[in-house]
1. Note down the magnitude of the dipole of the chain about its Cα centre, charges +1 on Lys and Arg C-beta and -1 on Asp and Glu C-beta and zero elsewhere, to the nearest 20 debye.
2. If you line up the long axis of helix 2-12 against the longest principal axis of the chain, both from Cα atoms, how many degrees apart are they, to the nearest 10?
3. For a Förster distance of 25 Å, can you work out the FRET efficiency between the beta-carbons of Asp116 and Asp21, rounded to the nearest 0.05?
4. Taking a ≥ b ≥ c as the square roots of the Cα gyration tensor eigenvalues, with a/c under 1.5 meaning rounded and otherwise prolate when a/b beats b/c, else oblate, which class fits the stretch 30-132?
5. Just to verify a number: what accessible area does Ser26 come out at with the full protein assembly present, 1.4 Å probe, Å² rounded to tens?
6. Quick one: order Arg60, Arg136, Arg103 from most to least accessible surface, probe 1.4 Å.
7. Would you look at the GNM of the chain, springs on alpha carbons closer than 10 Å, and say which of Tyr125, Tyr43, Tyr93 moves the most?
8. Which residue, Gly75, Val63, Phe20, has the largest displacement toward the positive end of the dipole of the chain when charges sit on each Cβ (Lys, Arg +1; Asp, Glu -1)?
Amino acid sequence: LLTFTICAKAQKELNIGNVFDGKIISSKNKTETHIQGKPLEAYRLDVLRTLKVNATEKERETVEKLFTKDMQEAGDDKNDDFEMESRNGHLYYAVVQLSNYQRRHRFICYQCKKVDDEYRITLAYMRGKATMNELRKMFKK
């Protein structure tokens, strides 16, 4: 319970924390994953939390603004700690390394694809000993 509380606190400090908490997108069509501990050891991670949701144009705009604010607050000027791709003037994909928390690296990830009249947004929060370069190798990005 303490570990979950610490993880939740670390995410609430983020602007996208409200998205994870369900305060931005009220979609019933969402998938959440929260994994901690032993299953992540091979990836040198302690915490992985993902959210996949279908969003309206307005919700996509809100999530993109919140993620962009977190990205700016992280100091996105360090090329090794930041990857981003835009399409049609909107954020399509991003991986950002945040400041460390309890001697662990923290990352947030964003992907948004338009499908028909909706946007499929995937957000991820990761924390652990893995570096950005290690994550790139694991995920072949």
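1. Details: 27 positive and 21 negative charges, 106 e Å.
I would put it at about 520 debye.
2. In the chain, helix 2-12 runs at an angle near 40 degrees to the longest axis.
3. About 0.40, to the nearest 0.05.
4. Numbers: a/c = 2.43, a/b = 1.41, b/c = 1.71.
Oblate shape, in that a/c is at least 1.5 and b/c is the bigger or equal ratio.
5. Spelled out: Ser26, probe radius 1.4 Å, area about 100 Å².
6. On the way: Arg60 5, Arg136 50, Arg103 215 Å².
Ranked list, largest accessible area first: Arg103, Arg136, Arg60.
7. Of Tyr125, Tyr43, Tyr93, the Gaussian network model singles out Tyr43 as fluctuating most.
8. It is Phe20, whose Cα lies furthest towards the positive end.
The values are calculated or read from the model by the stated rules, or taken from the named source; none is laboratory data. Please read these numbers as outputs of a predicted model, since none were measured by experiment. Here the Cβ is made from the backbone with ideal geometry for all residues, glycine too, and neighbour counts use every protein chain on show. SASA here: full protein model, heavy atoms, side chains in, ligands and nucleic acids out. Shrake-Rupley method; radii C 1.70, N 1.55, O 1.52, S 1.80 Å.
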